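K.L.:
Here you go, one structure.
The values are calculated or read from the model by the stated rules, or taken from the named source; none is laboratory data. Computed from a prediction, not measured in an experiment: that's the story for all the values here. Glycine gets a Cβ as well: all are built from the backbone with ideal geometry, and neighbour counts include every protein chain shown. Surface areas here come from the heavy atoms of the whole protein model, side chains and all, with no ligands, DNA or RNA. Shrake-Rupley method; radii C 1.70, N 1.55, O 1.52, S 1.80 Å.
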Amino acid sequence: MLEHRIRSAQIRLCQASIPQSVAVTLINGSLLCWLLAGHATSPYLLGWYGALVALAVVRLAGFWRFRARHGGAGDLAFWSRFNLLSAALAGMLWGAAGLLLFDADNIAHQAFLALVVCGMCAGAVSTLAVQLPASVLFITTATLPLAFRFARVDHDLGMPFAFLVVLFMLMLIVAAARYARNYHDALAESLRREAAEQELAHLAYYDPLTQLPNRRLFIDHLTRAVATARRHGKKLAVCYFDLDDFRRINERHGHAMGDRVLVQLARLLCDSVRAGDVVARWGGDEFAVLLTGIEDPAACNGMLERLVAVISAPQDLDGVTYQLNASIGVTLAPSDEDDADALLRQADQAMYVAKRDGRNGYHIFDAEHDGSCRRQGETRAAIREALADGQLELYLQPKVDMVRGAVYGAEGLIRWRHPEQGLLPPGAFLPSWEQDAMMVEIDRFVLARACSLVEDWRTAGLELVLSVNVSSWLLHDDSFIPFLEGLFVAHPRARGLLEIEVTETRALDDIGRVSEIMRGCAASGVRFALDDFGTGFSSLVHLQRLPVNVLKIDTDFVIGMLDDEHDRNLVRGIIGLGQALGKEVVAEGVESIAHGSALIGFGCRRAQGYGIARPMPPGEFQRWVDDYRAPSAWAACTPTVEPLATRQAAG
């Protein structure tokens, strides 16, 4: 291979020197004819010069033909023979000059003729020596006739001149051989270095197994294609895929067979795309395809279906029939994010959606879904970090019996002690967290912390009910009830004092499922409260189906009841409904003594709110319970509706 490239380079160099060689030949030939005019036989002189011009035309025609055929690629033997023949003919013409134009009576003319012929031979060393046979042919055919004429001349300098010409010929042949050898060695070294550089470049930009472009070259193509598509107002598609369960081929037929399958797939992919499209291999069983020049994004579907069909078509390799499947992720560009890394990330995300949707198909990237995925990823990372680093805390807001002036329980409210933003209330993070299934982990943390606190209180002599909120994720989790049982095994003294609050709207999402969960939890001694009651659309039928123990009046109604008759009537109605259904009623949002007094008058004695106490850390809660004294105004209030507990006792 190397010798072939050296020979090719030698022939190209010989051809490249033809215009210069022809120009020098015509100049020297014209000069020689001018000086010898009148001394040489005229027909010989004109015939020789005409032959010289004709040979120059032939050599130039060969030169232009060589260039037209892009350097004579694939026809080195012809051009090698052409160079030898033209060198031989040129040497014979200059040798003929020594025979036909030699003036035997004029030593000066003889010397000038010898000088011109030997000069042409010296020039041949630099222009023809790269192809040594051509150089030797030219030198010998040009100088030997001249030496013969000097040997035949009748004067004392004839033989010395003949000897000098022969000696000069031998010196030129030796010089030509040395020049040719040096050129051969230098060219061989240059070609070896070039081949090594090309091999390194190939390894840097091409996959060694399939010879497809690799990731680096694909990104280069992609960057240029995006700029071109934007300039011409067209679209391109970046397709990224891996083969589904390709390991089975390796396990069944061996890795060598697996490599051959990948090579065959690479060839099929290249045959199935258009000119200008790019197929690349990422490594392993991962490939990428760049589809360019898309006029209509809808037309991309046909191209993708063809790709899926090509990949999934049964193939035969050495008598082994196999079938591949691929999940292809696709993103279209130009778009808002046109850098190669963003497009490849989008295609990768789309590929996993294709796998999730059943495999052996394709999915086109959706920007809105991508934003959702990124937000989901950020949410999950935040939840994991908060749980792992102990950043979540359970604050406690007391719940009191306003008539008796006693604390009967508390509500556990989660707080996030953010490392940078400080203590955050639930509204600052829970709305986004509740959209993710990871919220189950938060619910489990809250329940575990609540059981631990209740057990600590009972140990300290406090019999208080602790209520906590859980998300709909946990209510629909099959492991919810077994998890609760596990908590009560770990904290047996918490059984019977744990209350779970479920919002009215959340309970109505799937009332059958929620009712079933509530009954299962109730069997373990867990109470349930319907939170934010009045904000949903509960019917009496729904309330009868839900095994809840407590109705909690929504904060907004309680706060507004002193000034708004509509809110006041709602609060009265909820209290009356709760009493009628045999439910305990708790009012949230008691902001002042007046709120408490009004609620007592309506027949609601249990409440919580900022007018009683704000949420506080567990360490402060027990001290607050010990120091709590109800406002004297509440003790003086008389309920207009008989409390449920009193009526039950009377009955």
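K.L.:
Take the stretch 383-407 and flag every residue that is open to solvent by 30 Å² or more (accessible area, probe 1.4 Å) and either at pLDDT 95 or above or not basic (K, R) (or both).
P.N.:
E385, L387, A388, D389, G390, E393, V403, listed by residue number.
K.L.:
Is at least one residue of the stretch 33-40 modelled with pLDDT of 75 or more, over 17 Å from A90 (Cα atoms) and part of a helix (DSSP H, G or I)?
P.N.:
Yes - at least one qualifying residue is present in the stretch 33-40.
K.L.:
Would you check if there is a residue in the stretch 425-440 being more than 37 Å from the chain's Cα centre (by Cα) and either hydrophobic (A, V, I, L, M, F, W, C) or open to solvent by 70 Å² or more (accessible area, probe 1.4 Å) (or both)?
P.N.:
no
K.L.:
When you look at E305, is it at pLDDT below 90 and of a type in the set (D, E, K, R), yes or no?
P.N.:
The answer is yes for E305.
Results for (1) of a type in the set (D, E, K, R); (2) over 29 Å from R356 (Cα atoms), shown as yes or no for each residue.
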{"residue": "R216", "(1), (2)": "yes, no"}
{"residue": "A229", "(1), (2)": "no, yes"}
{"residue": "F241", "(1), (2)": "no, no"}
{"residue": "N250", "(1), (2)": "no, no"}
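K.L.:
How about the stretch 298-314: which of its residues are open to solvent by 40 Å² or more (accessible area, probe 1.4 Å) and more than 19 Å from I364 (Cα to Cα)?
P.N.:
Passing the criteria: only P314.
K.L.:
Say whether the condition of being open to solvent by less than 60 Å² (accessible area, probe 1.4 Å) and more than 27 Å from G233 (Cα to Cα) is met by at least one residue in the stretch 330-349.
P.N.:
no
K.L.:
Considering only the stretch 227-243, state which residues are at pLDDT below 90 and either crowded, with 18+ Cβ neighbours inside 10 Å or closer than 17 Å to D207 by Cβ (or both).
P.N.:
The answer is A229, K235, D242, L243.
K.L.:
What's the total number of residues in the stretch 154-201 that are basic (K, R) and within 18 Å of T140 (Cα to Cα)?
P.N.:
1
K.L.:
Just to check your reading of the model, which residue among G582, G560 is over 26 Å from L498 (Cα atoms) and either free of Cβ contacts under 8 Å to residues at least 24 places away in the same chain or open to solvent by 10 Å² or more (accessible area, probe 1.4 Å) (or both)?
P.N.:
G560
K.L.:
Right, something else. Pairs only if they're at least six apart or on different chains, beta carbon under 8 angstrom, first in the stretch 165-182 and surrounded by fewer than 17 Cβ atoms within 10 Å (Cβ to Cβ), second hydrophobic (A, V, I, L, M, F, W, C) and not in a helix (DSSP H, G or I); list them, first residue then second.
P.N.:
So the pair list comes out as A175/A129; A177/A129.
K.L.:
Would you say F602 is farther than 28 Å from F488 by Cα and modelled with pLDDT of 90 or more?
P.N.:
yes
K.L.:
What pairs can you find where one residue is in the stretch 612-633 and of a type in the set (D, E), the other is open to solvent by less than 50 Å² (accessible area, probe 1.4 Å), and their Cβ atoms are less than 9 Å apart, with a gap of 6+ or different chains?
P.N.:
Pairs found: E620/L396.
K.L.:
Can I ask one more? Looking at the stretch 480-496, which of its residues are touching a Gly at 6+ places or on another chain (Cβ under 8 Å) and open to solvent by 40 Å² or more (accessible area, probe 1.4 Å)?
P.N.:
I481, R495
K.L.:
Got a sec? Which helices (runs of 4 or more DSSP H) wholly within the stretch 554-638 have at least 1 residues that are within 60 Å of the chain's Cα centre (by Cα) and closer than 19 Å to L466 by Cβ?
P.N.:
Output list reads 618-627.
K.L.:
Here is a further query. Could you figure out which of (1) buried (at least 17 other Cβ atoms within 10 Å of the Cβ); (2) touching a helix residue (DSSP H, G or I) at 6+ places or on another chain (Cβ under 6 Å); (3) not in a strand (DSSP E or B) isn't true of V468?
P.N.:
Only one criterion in (1) buried (at least 17 other Cβ atoms within 10 Å of the Cβ); (2) touching a helix residue (DSSP H, G or I) at 6+ places or on another chain (Cβ under 6 Å); (3) not in a strand (DSSP E or B) is unmet by V468, namely (3).
K.L.:
Just wondering, is there one or more residues in the stretch 83-101 that are open to solvent by 60 Å² or more (accessible area, probe 1.4 Å), among the hydroxyl-bearing types (S, T, Y) and either at pLDDT 80 or above or under 60 Å from the mean Cα position of the chain (by Cα) (or both)?
P.N.:
There is no residue in the stretch 83-101 that is open to solvent by 60 Å² or more (accessible area, probe 1.4 Å), among the hydroxyl-bearing types (S, T, Y) and either at pLDDT 80 or above or under 60 Å from the mean Cα position of the chain (by Cα) (or both).
K.L.:
Given the conditions (1) within 60 Å of the chain's Cα centre (by Cα); (2) open to solvent by less than 40 Å² (accessible area, probe 1.4 Å); (3) not small (G, A, S), and given that Q198 satisfies all but one, which numbered condition is not satisfied?
P.N.:
It is condition (2) that Q198 fails.
K.L.:
Can I ask one more? Quickly run through the stretch 471-489 and pick out the residues that are touching a helix residue (DSSP H, G or I) at 6+ places or on another chain (Cβ under 7 Å) and outside any loop (DSSP other than H, G, I, E, B).
P.N.:
Within the stretch 471-489, S472, W473, L474, L475, F480, I481, F483, L484, L487, F488 meet the criteria.
K.L.:
For the stretch 589-643, which positions are touching a Leu at 6+ places or on another chain (Cβ under 8 Å) and closer than 17 Å to Y408 by Cα?
P.N.:
Within the stretch 589-643, V590, R605, A607, P615, M616, P618, F621, Q622, V625 meet the criteria.
K.L.:
Next question, about the same structure. Pull out all pairs, ordered by first then second residue, where Cβ-Cβ is under 8 Å, the residues are six or more apart or on different chains, the first lies in the stretch 191-208 and is over 18 Å from V279 (Cα atoms), and the second is of a type in the set (A, V, I, L, M, F, W, C).
P.N.:
Listed by first residue and then by second, the contacts come to L191/L2; L191/I6; L191/A9; R192/L2; A195/L2.
K.L.:
Please specify each residue of the stretch 271-297 satisfying the condition of being open to solvent by less than 60 Å² (accessible area, probe 1.4 Å), not in a strand (DSSP E or B) and not hydroxyl-bearing (S, T, Y).
P.N.:
The answer is V273, G276, D277, G284, D285, P297.
K.L.:
Taking the options G62, G29, name whichever one is at pLDDT below 85, under 15 Å from C14 (Cβ atoms) and in a helix (DSSP H, G or I).
P.N.:
Just one listed residue meets the conditions, G62.
K.L.:
With the condition kept exactly as written, say whether any residue in the stretch 589-597 is crowded, with 16+ Cβ neighbours inside 10 Å, in contact (Cβ under 8 Å) with a residue 24 or more places away in the chain, of a type outside the set (S, T, Y) and touching a Pro at 6+ places or on another chain (Cβ under 8 Å).
P.N.:
yes
K.L.:
Taking into account only those residues within the stretch 319-338 that are without any contact (Cβ under 8 Å) to a residue 24 or more places away in the chain and in a loop (DSSP other than H, G, I, E, B), which is farthest from H221 (Cα to Cα)?
P.N.:
Ranking the candidates gives G319 first.
K.L.:
Only one of R444, R449, R458 is over 24 Å from A607 (Cα atoms) and part of a helix (DSSP H, G or I); which?
P.N.:
R444
K.L.:
Test of understanding: among S515, S524, which residue is among the polar types (S, T, N, Q), assigned to a loop (DSSP other than H, G, I, E, B), out of contact with any His (no Cβ under 8 Å at 6 or more places or on another chain) and open to solvent by less than 40 Å² (accessible area, probe 1.4 Å)?
P.N.:
Within the list S515, S524, the selection yields S524.
K.L.:
Pairs under 8 Å by beta carbon, first residue closer than 14 Å to L13 by Cβ and in contact (Cβ under 8 Å) with a residue 60 or more places away in the chain in the stretch 73-94, partner among the polar types (S, T, N, Q) and part of a helix (DSSP H, G or I), six or more apart or different chains?
P.N.:
From residues that are closer than 14 Å to L13 by Cβ and in contact (Cβ under 8 Å) with a residue 60 or more places away in the chain, the pairs are L76/S8; W79/Q15; N83/Q15.
K.L.:
If G293 meets every condition in (1) touching a Lys or Arg at 6+ places or on another chain (Cβ under 9 Å); (2) more than 18 Å from S272 (Cβ to Cβ) apart from one, which number is that one?
P.N.:
(2)
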